[in-house]
Each structure stands twice: as structure tokens, then as C-alpha cells.
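Enquirer: Structure incoming, see below.
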Amino acid sequence: MARVVVDVMLKPEILDPQGQAVANALPRLGVDDVSSVRIGRRIEIDFVGEADLDRAREIADKLLANPVIEEFSLRVVDAESDAVDSRP
């Protein structure tokens, strides 16, 4: 099984109110060295057999991202070793 990760982000010129809210809250947590925060989405597509980047690009372009305000990137990862750190 092969996994393609699609990262979807607002285009740089689009206002990100969620990111601004997080950035504004950071000083209250004692974090003063962050200049900006942008919030996006990560989508994982698991393929049977080999990863199909062309198919993943088509899925992202037609279904996962709004091309007017968002951009996306694709990367193939090993589904077995792509564990997320789940520390509390």
C-alpha cells in the first residue's frame, strides 16, 4: 500500500483568520518569537499497490482544494513509517 499526502493551504494573499487567531493567542502562552501562523489541511490517500501521483493530483484539483483561494502539494510517504507523534 502506498500513501500520498495532500497538503492544502490558503494562497499567501488570502487572509487566514484561524491562523491570525492562533498567532494572537501565542503571547498569552508566553510564545513571543512567532511572527505568523497559517492553518491548512492534510489529507492522506492510500492506494492499493503503487502510488498514483497523477490520480492524486486530479483528486486534489477537482475535490480537495478550491483553486481560487487554495494551493496544494503532494508527496508520497511510506504508510507504515508515517506515524504521527501523539504526545499529550
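To keep it simple, each residue is scored yes or no on (1) open to solvent by less than 40 Å² (accessible area, probe 1.4 Å); (2) free of Cβ contacts under 8 Å to residues at least 60 places away in the same chain; (3) aromatic (Phe, Trp, Tyr).
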{"residue": "Val4", "(1), (2), (3)": "yes, no, no"}
{"residue": "Pro12", "(1), (2), (3)": "no, yes, no"}
{"residue": "Pro17", "(1), (2), (3)": "no, yes, no"}
{"residue": "Ala25", "(1), (2), (3)": "yes, yes, no"}
{"residue": "Ser36", "(1), (2), (3)": "no, yes, no"}
{"residue": "Arg42", "(1), (2), (3)": "no, yes, no"}
{"residue": "Val48", "(1), (2), (3)": "no, yes, no"}
{"residue": "Lys62", "(1), (2), (3)": "no, yes, no"}
{"residue": "Ala65", "(1), (2), (3)": "yes, yes, no"}
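Enquirer: A follow-up question, please. With the condition kept exactly as written, say whether any residue in segment 1-22 is in a helix (DSSP H, G or I), under 16 Å from the mean Cα position of the chain (by Cα) and of a type in the set (Asp, Glu).
Expert: No, segment 1-22 contains no residue that is in a helix (DSSP H, G or I), under 16 Å from the mean Cα position of the chain (by Cα) and of a type in the set (Asp, Glu).
Enquirer: Quick check on Ala56: is it outside any loop (DSSP other than H, G, I, E, B), under 16 Å from Val77 (Cβ atoms), in contact (Cβ under 8 Å) with a residue 40 or more places away in the chain and open to solvent by less than 60 Å² (accessible area, probe 1.4 Å)?
Expert: yes
Enquirer: Can you spot a residue in segment 40-53 that is of a type in the set (A, V, I, L, M) and part of a helix (DSSP H, G or I)?
Expert: Among the residues of segment 40-53, at least one is of a type in the set (A, V, I, L, M) and part of a helix (DSSP H, G or I), which makes the answer yes.
The values are calculated or read from the model by the stated rules, or taken from the named source; none is laboratory data. Remember, predicted model here, so these are calculated numbers, not experimental data. Here the Cβ is made from the backbone with ideal geometry for all residues, glycine too, and neighbour counts use every protein chain on show. Please note that ligands, DNA and RNA were not included when accessible areas were found on the heavy atoms of the full protein model with its side chains. Shrake-Rupley method; radii C 1.70, N 1.55, O 1.52, S 1.80 Å.
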